[in-house]
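The values are calculated or read from the model by the stated rules, or taken from the named source; none is laboratory data. Keep in mind that what you see is a predicted model, and the values were worked out from it rather than measured. Each accessible area value is taken on the protein alone, full model and side chains, heavy atoms only, with ligands, DNA and RNA left out. Shrake-Rupley method; radii C 1.70, N 1.55, O 1.52, S 1.80 Å.
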Amino acid sequence: MKTKNRGIFSLVLQWVAIVSIFVSCRENDIKQVNKITKDVNAPIMAAQILKVDYTENGKLVYTLTSPETKKYDQPEPKTEFPKGFNVVFFDSLQRQRGTARANYGLSHDLTQILELKGNVIIINNQDKTRIETEHMFWDRRNKKITGEQAVKIVTADRVFTAIGFKSNEDLSQRELFHPTGEWFVKDF
C-alpha cells in the first residue's frame, strides 16, 4: 500500500512541476530575458587581424591594418581599435604620402572624429614632417588634428616641442599652443 501511495504522490508531484513550468512560461518572458541579458556594451562586430583598403574613384586612398577591431552601435556608433592600428596614406599617383599609428584608437562614426592614444606618430613623407604625442584627435570631416598634451614636431631642419597643438591633416599648417622649445636638427 505504501508503494502505491508513493507512486501516486510521485506522479502528482511530477505533474505539478510540469504544470508549474508551463504556467510560468509566458509570451513576454522571452522578451524580458532578451532585455535583461542583452549587453549594451557588447560589440555588434569584432575582427582579428583586420586590413582595409579604402578607395575613391578606383584609387587607393589609404590602407588600415589593426590586430583587433570592435564595432559598436550602442550607445553611439563607434569603432574601437583596442590594440592599435597603422594607416598608410596614398596620393593620386598611388605613392605613399604618409603614415599614422597609435597604440589605441576610437572612431566616433557619426562625427568622424578619431581619438588616438599611446605612442601616436603621424608622418608626412613629402616634407618629412613628423608629429609625436600620447593623445590627439583627428577630425576627418574637417581635415584637422588637435592635441592638448605634450607634442614633438620634427621637420627637415627643426624640432619643436609644446603642450598642445592643432594642424591640418597633412601637417603643413601647424599651431603650437604652449611652446616649450625649438632646436635646429643639427644641434638636437
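Based on alpha-carbon atoms, the Kirkwood radius and the radius of gyration of the stretch 117-188 give Rg/Rh equal to 0.94. For the residue pairs Lys117/Lys152; Lys51/Lys143; Lys83/Lys166; Lys143/Lys166, the C-alpha atoms sit more than 20 angstrom apart in Lys51/Lys143; Lys83/Lys166. Using a probe of 1.4 Å, the accessible surface attributed to Lys144 totals some 100 Å² when neighbouring protein chains are kept in position.
Dividing the convex hull volume of the alpha carbon atoms of the stretch 112-153 by its residue count, what do you get in Å³ per residue?
Cα-based convex hull of the stretch 112-153, divided per residue, equals 67 Å³.
Couplings for the stretch 162-172, taken from phi via the Karplus curve 6.51 cos²θ - 1.76 cosθ + 1.60 with θ = phi - 60°, read 6, 10, x, 6, 8, 7, 6, 6, 8, 6, 7 Hz in order; Gly and Pro are left as x.
Rolling a 1.4 Å probe across all protein chains gives Glu80 an accessible area of roughly 30 Å².
How do Phe137, Phe85 rank by accessible surface area computed with a 1.4 Å probe, from largest to smallest? Walk me through the numbers before you get to the answer.
Details: Phe137 80, Phe85 5 Å².
Ranked from most to least accessible, the order is Phe137, Phe85.
Only Cα pairs under 8 Å and 6+ residues apart enter the sum, and on that basis the relative contact order of the stretch 89-156 stands at 25 percent.
Where the eigenvalues come from the Cα gyration tensor of the stretch 59-177, what are the semi-axes √(5λ) of the equivalent ellipsoid, largest first, in whole Å?
Working: eigenvalues 106, 62, 32 Å².
In descending order the semi-axes read 23, 18, 13 Å.
Centre-to-centre, using Cα atoms only, the stretch 135-182 and the stretch 71-91 are separated by 21 Å.
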